[in-house]
Amino acid sequence: ASKFGVVGITQSLAKEVAKEKITVNAICPGIIDTDMWAYNDTAWGKLLGDYKPGELMAEWVKNIPMGRAGSGEDVSGLVSFLASDDAAYITGQTINVDGGLIMS
């Protein structure tokens, strides 16, 4: 339900400001190798039992068709593109940066 909320608000706002030549898009990152995911790995590992740091992350990454967690650069590249003139005709889109995880 929350993902549709992101889709809905992105499309609604994009439609509202399109006449002003303003674009609105949403980026939905998947598993990105950040401190937050490292914390999740440790916290869930303790909650679920005998998991060593990194083991849960490795399990989660197995479900990603690209075979790895994303990086900050994977996300920032898309942000830079969407903020550029090259993306001036792209609006109302929700773009997953997840290595194909949404397809699994």
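No value in this document is a laboratory result; all are computed from the given coordinates. Because the structure is a prediction, the values reported are computed rather than measured. A quick note on method: Cβ atoms are made from the backbone with ideal geometry, for glycine too, and the neighbour counts reach across all protein chains shown.
Quick look at the numbers
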quantity: Check: the chain dipole with +1 on Lys, Arg Cβ and -1 on Asp, Glu Cβ, in debye; calculated: 320 debye
quantity: Cα→Cβ-extended label distance, 7 Å offset, between K46 and E16, nm; calculated: 4.1 nm
quantity: Spin-label pair I9/I95, simplified geometry with 7 Å Cα→Cβ offset, distance in nm; calculated: 2.0 nm
quantity: Global size of the chain as Cα Rg and Dmax, reported in angstrom; calculated: 16.7, 56
